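Worksheet for the structure shown next.
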Amino acid sequence: MSQTNGTIPLIRVDISLNDTERSVEIEPRELLIDVLRERFRMTGTKRSCDVQVCGACTVLVDGMPTSSCTTLCADVHNRHVTTIEGLAYEGRLDPVQRAFIAHGALQCGFCTPGMILAVKSMLSLYNNPSEETIRHFLRGNICRCTGYVKILEAIKDLVQNPLSFEPEKK
């Protein structure tokens, strides 16, 4: 433990955030979403339901989809956290992001970061996921705009034609 904010002792949390080592002093009760958005300015992580239902706050913790609205920041000490901001590499969008754009698999975009991160995690586990597996990985993500048709089309196309979504070499 280290300093205090007047009443609650602060603790230090070390994380690998989007492949960059970061440290932050927090109150033990602080949620991961608040630290990401307010301290690290990772505003692609969205707050919506606050009860682990909608998926808008999804980030990857050690590669697995995690609801940041119900996860204490202290619980990610010494772990790898990836937000939507961490997917683009050297200014080039990730293939999942490119597939969503190519298929118009977004409308308002509020749920899109969580959807994309859930798909990214799924693809790290399954090379050729069935539609049932895709639906399973998306079940924790609610989209109020699209009806999911274009989202499923984008993912299926990405799985069937992965090279068509690879970023061009600079």
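Here are the numbers:
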| read-out | value |
| --- | --- |
| The chain: DSSP helices with Cα axial extent of at least 18 Å and average Kyte-Doolittle hydropathy no lower than -0.5 | 112-125 |
| Convex hull per residue volume in Å³, alpha carbons only, for segment 1-71 | 92 |
| Exposed GluC sites (Glu not before Pro) absent - longest run of the chain, DSSP non-H/G/I/E/B, at most 10 other C-beta within 10 Å | 1-89 |
| Relative contact order (%) - the chain, alpha-carbon pairs under 8 angstrom, separation at least six | 22 |
| Descending Cα extents along the principal axes, segment 124-170, whole Å | 36, 23, 14 |
| Qualifying trypsin sites (Lys or Arg not before Pro) in segment 8-77, DSSP loop, other Cβ atoms within 10 Å at most 11 | Arg29, Arg41 |
| Helix-only mean residue ellipticity at 222 nm for the chain, each DSSP H run of n ≥ 4 adding -39500 (n - 2.57), per residue, nearest 500 | -7500 deg cm²/dmol |
| Sites matching trypsin sites (Lys or Arg not before Pro) across segment 55-144 that sit in DSSP coil, with at most 14 neighbouring C-beta atoms within 10 Å | Arg139, Arg144 |
| Diffusion constant of the chain at 10 °C, which comes from Stokes-Einstein with the Kirkwood Cα-pair radius and 1.306 mPa s, µm²/s | 95 |
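Values quoted throughout were computed directly from the atomic coordinates according to the rules given, and no laboratory measurement underlies them. Nothing here was measured: the structure is a model prediction, and the numbers come from that model. Backbone-built Cβ (ideal geometry, glycine too); neighbour counts: all protein chains shown.
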